[in-house]
Amino acid sequence: MDNISRSERTRKLVLEAALAVISRDGPNRLTLEAIAKEAGVSKGGLLHQFPNKIAVMRALLERQVAFFNDVRDKYIAEAKENSAYPELAAHIATLRETSLQPHSIAVAFLGALIEDPQLLRVSRDTDSARNDGIRAEANDPDLAMLRKFAANGLALSHIFGLSETSKEESMRLFDRLLDDSQWVRSEKAPAIPKAKPLAKNNKPTKRRES
């Protein structure tokens, strides 16, 4: 095995070990010593790849974001042919697939949140760009964002184990969020006019003299 292959193998072992430690023992027990022991590598070998624990968490998050982007890329071409809102459709479809994966994504984000919340900027920046695309293609940007956040909540409830909703029901809800025809009526519905604020009488009331 050449040096590059050995380095990549060690890097993968370290990231998988970090996920295992966080999942089993909790984020507070994540140390370089614990990672090295779990991965079966020396601490020196670990430090050669990652100078500190923050670097491990950053790489873990970047790997999860890359996974999310790879799944999205798989859907975007199909969405451009089958949906009026391909950015939104690809996002919802990606969340649907991601929600079926093991809880490694939740573990990575939870660990980063506890270790250094600034690490989540990687995810926030990507999400901000996606939001711009979803709004730009929509006839009703607010409705599009509601569909997007509903999909986010549905996925996160499964990823973090917060919901007892069955897999079948979740897939049905994701499919409904993906079905543009379910939302056409809402987009074309006339806007309800806002009620005019009641006029305020700021003049003092004169008392009648008896």
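The values are calculated or read from the model by the stated rules, or taken from the named source; none is laboratory data. Remember, predicted model here, so these are calculated numbers, not experimental data. Reconstructed Cβ throughout: ideal geometry from the backbone, glycine too, with neighbour counts over all protein chains shown.
How many residues does segment 17-32 contain that are in a helix (DSSP H, G or I) and surrounded by 12 or more Cβ atoms within 10 Å (Cβ to Cβ)?
Result for segment 17-32: 10.
If I ask for residues that are free of Cβ contacts under 8 Å to residues at least 40 places away in the same chain and polar (S, T, N, Q), which ones from segment 76-98 would you list? Break it down into steps so the answer makes sense when it comes.
Pass one, segment 76-98, residues free of Cβ contacts under 8 Å to residues at least 40 places away in the same chain: 76-82, 90, 94, 97.
Listed by number, the residues that qualify are Asn82, Thr94.
So that you can scan it fast, the table gives a plain yes or no per residue for (1) of a type outside the set (A, V, I, L, M, F, W, C); (2) modelled with pLDDT under 90; (3) within 21 Å of the chain's Cα centre (by Cα); (4) more than 20 Å from Ser123 (Cα to Cα):
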residue: Ile4; (1), (2), (3), (4): no, yes, no, yes
residue: Ile22; (1), (2), (3), (4): no, yes, yes, no
residue: Ile35; (1), (2), (3), (4): no, no, no, yes
residue: Glu38; (1), (2), (3), (4): yes, no, no, yes
residue: Gly45; (1), (2), (3), (4): yes, yes, no, yes
residue: His48; (1), (2), (3), (4): yes, yes, no, yes
residue: Lys53; (1), (2), (3), (4): yes, yes, no, no
residue: Met57; (1), (2), (3), (4): no, yes, yes, no
residue: Val65; (1), (2), (3), (4): no, yes, yes, no
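Do you know which residues across segment 129-150 are farther than 10 Å from Leu88 by Cα and modelled with pLDDT of 90 or more?
Selection gives Asp132, Ala136, Asn139, Asp140, Pro141, Asp142, Leu143, Leu146, Phe149, Ala150.
List every residue pair whose Cβ atoms lie under 9 Å apart, where the two residues are 6 or more positions apart in sequence or sit on different chains, the first residue falls within segment 1-29 and is closer than 17 Å to Lys43 by Cβ, and the second residue, located anywhere, is among the polar types (S, T, N, Q) and modelled with pLDDT of 85 or more.
Listed by first residue and then by second, the contacts come to Ser7/Gln49; Thr10/Gln49; Arg11/Gln49; Val14/Gln49; Val21/Thr31.
Give me the residue from segment 91-119 that is in a helix (DSSP H, G or I), loosely packed, with under 15 Cβ neighbours inside 10 Å and under 15 Å from the mean Cα position of the chain (by Cα) and, out of that set, modelled with the lowest pLDDT.
Leu113
Which of the following residues is small (Gly, Ala, Ser) and not assigned by TED's automatic domain parsing to the domain that holds Ala129: Ala36, Ala66?
Being small (Gly, Ala, Ser) and not assigned by TED's automatic domain parsing to the domain that holds Ala129 holds for just one of Ala36, Ala66, which is Ala36.
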